[in-house]
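A short worksheet on the structure shown next.
The values are calculated or read from the model by the stated rules, or taken from the named source; none is laboratory data. Worth saying up front: this structure is predicted, and the values here are computed from it rather than measured. Virtual Cβ from ideal backbone geometry, glycine too; neighbours counted across all protein chains shown. Side chains included, ligands, DNA and RNA excluded: accessible areas come from the protein's heavy atoms. Shrake-Rupley method; radii C 1.70, N 1.55, O 1.52, S 1.80 Å.
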Amino acid sequence: MSRPDLTLAREFEAALAWWQAAGVDCDFTDDATAWLADKPLDKAPAANGGSAAAPRKPSATPAAGGQSKLLSAPVSPVAAEAPTVPRRALLGDSPPANLAAFQQWWMEAPDLDTARSFARIMPRGPEGAALMVLVPHPEPQDSDRLLSGPQGRLLDNILAAMGLDGDAVYIASALPSHTPMADLGALAAGGMDAVTVHHVGLVAPACVLAMGNGLAAMLGASPDQPLREINHAGRNTPAIASETLDALMEMPRLKARFWRRWMEWSAIN
């Protein structure tokens, strides 16, 4: 049996038919383009010298998702309105007055549930610590101790290199339970920033290390300014933000940048 002679045109037609059978009828960049739609083709001049047929007017063709668009012009993107986050007074009318009361509230307050499939984890460390370390949320395997996994081991090594005893450092998370894909900015706007700043005020540390650039919003910092201090109840606490612990583990070059920034910052604070 002889192999059929496939021309380039037939191969191209077969490829398009395969993609169309797979349900792919559009290619998307910034603007959608219907590659497989029926488009007008310029016809060759007739043999009797007649003129070529005039192209058809642009027609609407269904695009992915059931929407229609004109073949002759790109679709103009419509700017989506940013959702409004309702702000809640999570601390209530009588916020916890001391650290012990806050920690109990942290474990029991119903409005703090961000990921119910993971347990809430208590912060740890002494009040008035020389350093408070804040991370976005607990590690997924945490059960009885905050940062009991690889992130915690990295933090222990960092604190040892700083010459600090891990038990003398207050370690806390901005969210009570492990929360994958947490939108810290939206949570802060919803009232968690007031909770975090109140927490810092009760701990009253000498300085704060926020392990996650997204934590700046939780600490009341402006989005267009770096985190330098935390202002609460008439107290200014020096603060510095860095990448998350898991980012430091995945990208060793970030460790060098972290140490350089830490050395420069700690020399003046």
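Note: region 167-234, Cα convex hull, 104 Å³ per residue.
Remark: region 204-218, residue by residue, has Karplus-estimated 3J(HN,Hα) of 6, x, 6, 7, 10, 10, 9, 8, x, 4, x, 6, 4, 5, 5 Hz, where x stands for each Gly or Pro and the curve is 6.51 cos²θ - 1.76 cosθ + 1.60 at θ = phi - 60°. In sequence order, region 167-183 has phi-based couplings of 6, 9, 9, 8, 10, 9, 10, 6, 10, x, 9, 4, 10, x, 6, 5, 8 Hz under the Karplus curve 6.51 cos²θ - 1.76 cosθ + 1.60, θ = phi - 60°, and Gly or Pro positions carry x.
For region 257-269, 3J(HN,Hα) computed residue by residue from phi via the Karplus equation (6.51, -1.76, 1.60; θ = phi - 60°) reads 5, 4, 5, 4, 5, 5, 5, 5, 6, 5, 5, 10, 10 Hz, glycine and proline entered as x. Average accessible surface for region 191-262: 46 Å² per residue, computed with a 1.4 Å probe over protein heavy atoms with every protein chain in place.
Of all the accessible heavy-atom surface of region 164-247, with the other protein chains kept in place and a 1.4 Å probe, what percent is carbon and sulfur? Could you put the intermediate results ahead of the total?
Working: 1680 of 3160 Å².
The value for region 164-247 is 53 percent carbon and sulfur by accessible area.
Between amide H atoms placed 1.01 Å from N, distances below 5 Å from SER173 occur with VAL135, all of them 5 or more places distant or on a separate chain. Taking amide H atoms as placed 1.01 Å from N in the peptide plane, the amide H of ILE230 lies under 5 Å from those of THR237, ALA239, each 5 or more residues away in sequence or on another chain. Counting every alpha-carbon pair across region 156-269, the share separated by more than 25 Å comes to 20%. Within the shell defined by Cβ-Cβ distances under 15 Å, the residues around ARG235 carry a net charge of -1, with Lys and Arg each +1 and Asp and Glu each -1.
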